[in-house]
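Heads up, the thing below is written out as structure tokens.
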Amino acid sequence: MKKNYKGILIAMSAAAVLFYTCKSVQKYVTQYPVQRDASGRILVDMHPDPTPKSPEEEMKRIYVPPGYHLQLVASEPMVSQPTAIAWDGDGRMYVAEMNTYMLDVNGSHEHEATCKIKLLEDTNGDGVMDKMTVFADNLVLPRTLQPLDNGKLLVSLTWSNSVYCFQDTNGDGVADKHWLAYENNGTNTNNLEHQKSGLIWNLDNRLYLTYDPVRYTVKGDKVIPDTLIDGTAGQWGMGNDDYGRLFYSSAGGEDPAYMYQQNVHYGQFDFPDRYDRDFVAVWPIVTTPDVQGGFGRLRFPDSTLNHFTASNGQSIYRGDKLPADMRGDLFICEPVGRLIRRAKVTDNNGKITLRNAYDKSEFLASTDLNFRPVNTITGPDGCMYIVDMYHGIIQESEWTKADSYLRPKIMQKGLQKNIGRGRIFRLVHDDFKLSKEKPHLLEETSAQLVDHLNSMNGWYRDNAQKLLVLRGDKSVVPALKALAVNGGQLARIHALWTLNGLDAMDEETFGTALKDKDAEVRKTTVWLGEDFMKKDSQAIDMLEKLANDPSADVRFQLLLSMRFVNSEKSKAIIAGLVKNYPNDEALQASQRSYENRQRAKAEQLARQKMMNEQGAKLVSQGALIFKQLCFTCHGLDGKGVKTGGDAFTAPPLAGNQDVNANSPDRIIRVLLYGLQGPIRGTTYNDAMPALGNNTNEYIASVLSYVRSDFGNKGGVVLPADVQKVREATAGRTKSYTMDELNNTRSVLGR
């Protein structure tokens with residue numbers, strides 16, 4: 001369905017300013033007593049009450065380890081169906097609300113432009129938001145928030161490829177200006193669960209997101225895209241650590257964490273053993289009636305979710321007001337299981353692996369069926385924040401159809417009745433006293449911002465660097481150069497990237513940083529060397545000297561940084577690294593993966609040259625769609641995705657007899673209406689959703705690509721073929737099964 005998003009988008013109203021006062025709550029809400037088995041594990045609540053609870057009653061049902069507590073920051077009516085939060089430099093919280101998300105089992109009214117972004121403030125420093133302003137109204141499911149300076153906020157909306165900037169020019173908390181910071185009018189009709197999120201400002205001063213095959217830089221009032229060679233990764237949410245490593249999750253692929261071995265700029269690459277097979281098992285403390293896929297997803301006899309399905313909202317904790325052993329841990333939300341996983345991140349000679357921090361239990365879990373954690377983030381106060389959508393239905397309407405397993409379960413529990421609520425929590429700990437002081441970075445001088453690069457709280461370091469780069473104030477360059485040499489480890493790293501963002505890196509500072517005693521500093525200098533090489537011809541000679549660095553991480557980054565230089569020297573450096581370090585697992589596997597994909601692309605281009613103009617265009621468009629959407633379940637190589645053990649999320653496409661069939665009738669039907677149930681005797685983790693809302697050209701493009709890549713030999717699918725099948729199946733609303741397809745005659749005459 002095509003929509004005029006510019007027309008739908010924004011009807012701003014400076015009068016739409018509302019104020020609410022949060023009800024004060026006790027410092028800590030006492031949890032209900034729980035029963036435990038002989039091992040100490042909390043016994044599952046087999047008969048939970050599905051009715052919505054007050055925030056205080058909900059908190060009694062959320063369990064965290066001893067010493068940790070949750071504090072209520074905001075709840076309805078101040079917020080409604082929140083999905084993402086972000087703070088500006090003065091500690092004011094922006095909240096994206098998906099007010100039209102799953103208001104009933106049919107997903108009615110989702111396309112209506114009635115969603116909001118709100119601005120919340122804590123005016124007395126007690127940690128509770130007591131003032132609310134509607135910053136932007138009449139939006140279509142806002143998904144990403146990135147505060148800049150001067151009252152600006154970057155926003156992405158569902159079903160739009162563009163990035164918008166809203167600005168409050170007079171300080172009243174209401175955006176009175178908006179414009180297209182990046183315009184991309186290409187069609188984006190993917191299911192709303194398969195739309196971009198993230199838009200985080202990473203250490204390298206680039207903005208990263210999921211799904212869209214680009215990353216951005218901010219230049220004035222515009223966002224400038226940089227295309228990624230293999231597209232990007234992830235689904236809902238993404239996180240980054242102190243050193244700029246990005247972490248993704250894929251709910252569609254049922255993969256809680258992946259694509260974190262290297263920056264996606266260098267291509268997609270991961271290890272199948274990045275975590276052990278037990279990592280995908282989850283440990284809820286409440287029975288799970290509403291899981292897509294049915295009994296295969298449940299652990300018996302307690303009927304709890306047995307593995308990740310809706311993994312999302314992940315973040316690395318980077319603050320300073322929770323125990324030190326929590327810093328650098330990865331937190332992953334699982335809203336279907338009503339829990340949050342805490343994962344320990346380990347660097348094994350350049351290979352990054354994860355493990356659950358607890359044995360057959362989770363960091364946080366709830367017995368409230370409406371608890372829906374969808375995001376986590378480190379805040380200005382050094383604590384971790386949790387966004388709880390507190391919503392009855394958490395799967396989109398494609399999976400709640402009349403013939404689905406899920407719909408009767410939702411109706412039986414009455415979960416469809418819980419709409420319009422939402423909570424934001426702050427995670428605190430007994431050992432830390434919180435300050436009431438609020439940040440004021442937006443009013444501080446550039447010199448004062450430089451001081452914050454020394455902060456133990458990653459929120460301050462990130463925002464100080466971002467604001468310095470946005471201001472472009474080079475008066476602080478001497479201070480930054482001094483900090484890059486003499487500061488603490490993280491201060492040196494941020495100072496280097498700030499210099500790079502100001503285009504103020506010089507040969508002396510660069511050379512000194514390459515010799516730093518700390519491997520992470522050397523690694524980050526190699527990384528930013530990609531930019532420095534463009535203005536200093538001697539930089540590659542300086543980088544070459546790190547080819548025998550004692551750190552595997554530094555050597556791996558050197559290989560990656562040489563990947564797109566495309567000079568004789570860069571090729572020699574790569575060849576030397578591959579030859580001299582055969583036991584560097586990450587380095588070797590990444591390079592093999594990259595070279596294999598480059599060969600596959602060359603072969604695909606050669607095949608396209610042999611096609612007619614229309615066929616080549618369809619295949620080219622289809623490759624882009626596949627890398628944006630289909631790879632999450634079918635794999636970038638078309639060979640399927642395994643998530644713990646030997647189970648595939650979806651059927652492999654490479655060598656698939658239905659994909660290669662002379663007539664594409666079957667696979668056109670599958671894309672138009674979806675496919676559920678066993679496929680040739682194999683039951684997969686998820687059903688194929690319908691993509692029939694897309695155009696005939698969209699369907700034809702992705703099928704043409706799939707039929708001509710991965711070793712497949714099928715012919716091009718034309719938009720006219722898709723139209724014929726549409727006409728022959730007009731009125732159909734439910735997904736196909738294999739039995740139906742086996743008894744269906746092709747309408748294409750081939």
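The values are calculated or read from the model by the stated rules, or taken from the named source; none is laboratory data. Worth saying up front: this structure is predicted, and the values here are computed from it rather than measured. Heads up, the Cβs are rebuilt from the backbone with ideal geometry, glycines too, and the neighbour counts pull from every protein chain shown.
Of all residues in region 529-554, none that is assigned by TED's automatic domain parsing to the domain that holds ASN205 and within 15 Å of SER567 (Cα to Cα) has its Cβ atom under 6 Å from the Cβ atom of a residue that is modelled with pLDDT of 95 or more and surrounded by 20 or more Cβ atoms within 10 Å (Cβ to Cβ), 6 or more apart or on another chain.
Within region 722-739, the only residue that satisfies the criterion of being at pLDDT below 90 and of a type in the set (Asp, Glu) is ASP739. The criterion of being of a type in the set (Gly, Ala, Ser), within 13 Å of ASN106 (Cα to Cα) and assigned to a loop (DSSP other than H, G, I, E, B) does not hold for SER435.
Residue count for region 96-115 under the criterion of being of a type in the set (D, E, K, R) and crowded, with 22+ Cβ neighbours inside 10 Å: the result is 1.
When region 603-621 is limited to residues that are within 16 Å of TYR698 (Cα to Cα) and among the aliphatic types (A, V, I, L, M), the one that is farthest from the chain's Cα centre (by Cα) turns out to be ALA616. For ALA650, the criteria (1) at pLDDT 90 or above; (2) touching a strand residue (DSSP E or B) at 6+ places or on another chain (Cβ under 9 Å); (3) more than 24 Å from HIS111 (Cβ to Cβ) hold in every case but one, which is (1). Residues being without any contact (Cβ under 8 Å) to a residue 60 or more places away in the chain and assigned to a loop (DSSP other than H, G, I, E, B) are entirely absent from region 125-134. A single member of LEU453, LEU406 is touching a helix residue (DSSP H, G or I) at 6+ places or on another chain (Cβ under 9 Å) and modelled with pLDDT under 95, and it is LEU406. Scanning region 31-60 for residues that are within 30 Å of LEU119 (Cβ to Cβ), assigned to a loop (DSSP other than H, G, I, E, B) and among the charged types (D, E, K, R) yields a single hit, LYS53. Restricting the search to region 506-561, which residues are more than 27 Å from PHE269 (Cα to Cα), assigned to a helix (DSSP H, G or I) and among the hydroxyl-bearing types (Ser, Thr, Tyr)? Within region 506-561, THR509, THR512 meet the criteria. Does LEU605 count as touching a residue at least 60 places away in the same chain (Cβ under 8 Å), of a type in the set (A, V, I, L, M, F, W, C) and either surrounded by 13 or more Cβ atoms within 10 Å (Cβ to Cβ) or not assigned by TED's automatic domain parsing to the domain that holds LEU636 (or both)? Taking the combined requirement at face value, the residue does not satisfy it.
Of the residues in region 273-293, none is part of a strand (DSSP E or B), without any contact (Cβ under 8 Å) to a residue 24 or more places away in the chain and within 17 Å of ILE394 (Cβ to Cβ). All of (1) outside the structural domain of ARG92 (by TED's automatic domain parsing); (2) in contact with a helix residue (DSSP H, G or I) (Cβ under 9 Å, 6 or more places away or on another chain) hold for ARG423 with one exception: (1).
Screening region 657-677 for residues that are in a loop (DSSP other than H, G, I, E, B) and within 30 Å of the chain's Cα centre (by Cα) and picking the one that is nearest to THR733 (Cα to Cα) gives GLY674. The set of residues in region 160-188 being of a type in the set (Gly, Ala, Ser), at negative phi and over 27 Å from the mean Cα position of the chain (by Cα) is empty.
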